[in-house]
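The values are calculated or read from the model by the stated rules, or taken from the named source; none is laboratory data. Keep in mind it's a predicted model, so treat the numbers as computed, not measured. Reconstructed Cβ throughout: ideal geometry from the backbone, glycine too, with neighbour counts over all protein chains shown.
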Amino acid sequence: MSGRYAPERMTRNAVQRGLPASLTEAGPFRLLFWGQALSVIGDRITPVAIAFAVLSLGSATDLGLVMAAGGVPFALFALAGGVWADRVGRRRVMLASDVLRALSQALVAALLLTGSAEVWMLAALSFVYGMSAAVFMPALVGLIPQTVAAPRLQEANALLALTRSIANVAGPALAGVIVTASGSGEAIAVDAGTFAVSALCLARLRLGTAPEAAEEEPEPFLAGLRAGWLEVRSRAWLSWGLFAMSTYHVFVLPAVFVLGPALANRELDGASSWATIVASFGVGSVVGNVLALRLPLPRPLFIAAVALVGASTQAVIIGSGLGTAGIAALELLAGVCVALFFTLWDLSIQEQIPPRSISRVSAYDFTVSVGLMPLGMAVCGPIADAIGLHATLRWMSALGIVSALAWLAQPSVRALRRPQAVPEVATQLSLVEASEPSEPLEPLEPRAGWGWFGWLVAAGLAAAVIGSRRRAG
C-alpha cells in the first residue's frame, strides 16, 4: 500500500464513522467551515450583549435605533457587495468584511469597557457592522462552490447552515452567561475575536482558478448590476422565488418577531413560554439541516418551495391558541421547513446560475429579504392595533403561504433538477497508481449511523434546554 493510498483509506474510515467527507478531505472548504463556525457563534452573542448595553444607556426606542442601524445597510449595500465580490474576488471581499467587523466590534467593546459609550456611537458602529455583513453574505454564497467538489456542494451548504442553527440556540445562552458573569463589553470582545480568527482562516485560504477570472477585465459596476438583474429576470423559478422570499421576510417573520412575544406575554406564560417556543424552533432547524446533509435530493428547488409553504405557517401557528406545548411542537416542524428552504435555495442558486454571477444574484436575494424586513417590523404593530393580534397573524401567514404556493406553481420549479456531476469515487480512483494492487474503494457516503452528527444534535438539544431555562428564569 503506497503512501498516497493510505490517506484515502484513513479518510474513508473517518467518513464511515460519521464525519462528513467535506471536513476530512484536505481542501479549502475545511478551513472556510471552521472559520465560519466560530464566527457565527460570535454573531449570535452580539444581539443579546448589545441589547443589554443599549438598555443600560437609554430606552427601548434607543435599542430600536441601534438595531435598525444594523439592518438598513442590507438594503443599501448588498447589491453593491454582490457585484464587487464577482468583480474583485469573493475571498477578498469577505476578508475585508471580517477585518472591518473585528475592528468595529473591538471599538464597541472598548467603549463599553471604559464607560465611554453613547447611544449614537453604538448606532454608528452598528451601521458599519451591518454594512460589512451586507457585502459578506453574497460573497460567501459565491465562494462555497469554489471550495468544494460539486458532489459535495449540498453537504457543504448543509454543514454551514447546521452551524448557524446550533448557534441560534447556543449563542444567546452563551451570551447570557458572559453578560451575567462579566458584562456586555466582554461579550462583544469575544465576537471581535471570532471575526479575527475568521479573517485569519480566509487569509490562508487558497483557491483554484476563480470563476471571475474568466474575464481579462472586470465589467463596469453598473453593467455588473444589470447583468445580475438579467440573470434574475431570465429565470421564472428565480424571480418568483425572490418574490416569495420577500413576502416571507416582510410579512411572516416580522409577525413572529414582533407579535409573537406580545402574544406570549398576553395569553401564555410570558417569557418562559416564548423561550420554549424559540428553543423548539431552534431544535427543528438543527434537524432540518441534518436532513439536508443526509438525504439525496435530486430536486432541491421543489423541496425548497414546499418547505417555504410550511415555513410561512409560523405566524398562524403562534396565533392558533393551542398553548405553549402545542405551539412549540408545531414551531419545531416549522424550524425543519425553514432550515430546508434556506439550505436548498442557496444550493439551487449555486448550481443553476453561471459561476461568475452567483454573488450578484445572491445579492438580490439578501436585498429583498434582510433588506426589506425592517419595513415589516415597522408596520406589523400598527396593523395589529387596527385589526387585532390574531387577525394580523392569520393574514400575515396567509400572504406568505399564497406567495410560496404561487412560486411552487411555476413549471420550472417542479422540473428543475440538480446537474449531473462526475462521481467522486472516479476522481479518487485516478489517484491510485495503476500498477499498485489495491482493494476496491467503497462509496464515500457514510454508513455507520449518525456518529458525529448524533453528538451535534444532542449538543443543540442541550443548548436549547439551557437557553430556555435561562430565559425562563
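Return a yes/no flag: does segment 395-403 have any residue that is at pLDDT 90 or above, of a type outside the set (Ser, Thr, Tyr) and within 30 Å of GLY142 (Cβ to Cβ). Yes, some residue in segment 395-403 is at pLDDT 90 or above, of a type outside the set (Ser, Thr, Tyr) and within 30 Å of GLY142 (Cβ to Cβ).
How many residues are surrounded by fewer than 18 Cβ atoms within 10 Å (Cβ to Cβ) and touching a residue at least 40 places away in the same chain (Cβ under 8 Å) if we restrict to segment 307-322?
Residues flagged as surrounded by fewer than 18 Cβ atoms within 10 Å (Cβ to Cβ) and touching a residue at least 40 places away in the same chain (Cβ under 8 Å) within segment 307-322 amount to 1.
Can you tell me which residue is surrounded by the fewest Cβ atoms within 10 Å (Cβ to Cβ) among those in segment 232-257 that are assigned to a helix (DSSP H, G or I) and hydroxyl-bearing (Ser, Thr, Tyr)? My answer is SER239. Within segment 294-318, being outside any helix (DSSP H, G or I) and touching an Asp or Glu at 6+ places or on another chain (Cβ under 9 Å) holds for one residue alone: PRO296.
Here the helices (runs of 4 or more DSSP H) wholly within segment 20-118 that include at least 3 residues being modelled with pLDDT under 85 and in contact with a Gly (Cβ under 9 Å, 6 or more places away or on another chain) are 28-57, 60-88. When ASP269 is tested against (1) at pLDDT below 90; (2) in contact with a helix residue (DSSP H, G or I) (Cβ under 7 Å, 6 or more places away or on another chain); (3) part of a helix (DSSP H, G or I), only condition (3) is not met. Would you check if there is a residue in segment 172-188 being touching a Phe, Trp or Tyr at 6+ places or on another chain (Cβ under 8 Å), under 25 Å from VAL99 (Cβ atoms) and surrounded by fewer than 24 Cβ atoms within 10 Å (Cβ to Cβ)? Scanning segment 172-188, I find no residue that is touching a Phe, Trp or Tyr at 6+ places or on another chain (Cβ under 8 Å), under 25 Å from VAL99 (Cβ atoms) and surrounded by fewer than 24 Cβ atoms within 10 Å (Cβ to Cβ), so the answer is no.
Reported count of residues in segment 221-246, each being closer than 13 Å to TRP345 by Cα and among the hydroxyl-bearing types (Ser, Thr, Tyr), is 1.
How about segment 98-116: which of its residues are buried (at least 22 other Cβ atoms within 10 Å of the Cβ) and more than 18 Å from the chain's Cα centre (by Cα)? Matches in segment 98-116: ALA102, SER104, GLN105, VAL108, ALA109, LEU112. Screening LEU222 with (1) at pLDDT below 75; (2) loosely packed, with under 12 Cβ neighbours inside 10 Å; (3) not in a loop (DSSP other than H, G, I, E, B) gives one miss only, at (1). A single member of ALA329, ALA325, ALA279 is modelled with pLDDT under 90 and surrounded by fewer than 24 Cβ atoms within 10 Å (Cβ to Cβ), and it is ALA325. Condition check: surrounded by 20 or more Cβ atoms within 10 Å (Cβ to Cβ) and touching a Ser or Thr at 6+ places or on another chain (Cβ under 7 Å). Does LEU95 satisfy that? In short, no. When PRO374 is tested against the conditions (1) crowded, with 23+ Cβ neighbours inside 10 Å; (2) in a helix (DSSP H, G or I), the lone failure is (1).
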